[in-house]
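Notes to accompany the following structure.
Each reported figure results from applying straightforward, stated rules to the coordinates on display, with no laboratory input. Here the structure is a predicted model, which means the values were calculated and not measured. Counting neighbours? That spans all protein chains shown, and the Cβs are built from the backbone with ideal geometry, glycine included.
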Amino acid sequence: MIDADELNKLADLHARGVLSDEEFAQAKARILSGSGSGAGAGGPAATPPNIGAVNHLRRSRLDRWIGGVCGGIARATGLDAWVWRLIFTVLFLAFGGGILLYILLWIFVPEE
C-alpha cells in the first residue's frame, strides 16, 4: 500500500477518535520511517483500529438515541450505529439480555 493511503487511513481513524494523539503520532512516524512499508496484512494499516479500542470506548454525545452506547460502540468498532442498535434489539427480543447489557454499558462506559 502506498504511504499516502496509509496516512489517510490513520488520519481518518484519528478524526473518528479510534486513535489517540500519541497513537496517531507513533503510527505516522512508523510509516514515514519506512518500517511499515510492505508489511502486508499484519502491518500498520491492520493494527491501528485494534489498538486500545476497548480503552477508548466512550458513549457518544452526537450519535445517540437513548444513552449513546450504540454510537460509542460504533465509533470504536467501525460498524454503523444502526447495526449495534439492531444487535441490542435482537438480543432483547430473543433472550431479554440486550436491555441488561445496554443498561450496564450505559452505567459503566463514560461519556466522551
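Worth a mention:
- Fully extended contour minus Cα-Cα distance, from R16 to S33, at 0.36 nm per residue: 3.7 nm
- Charge tally for S60 (other residues, Cβ to Cβ under 10 Å; Lys, Arg +1; Asp, Glu -1): +2.
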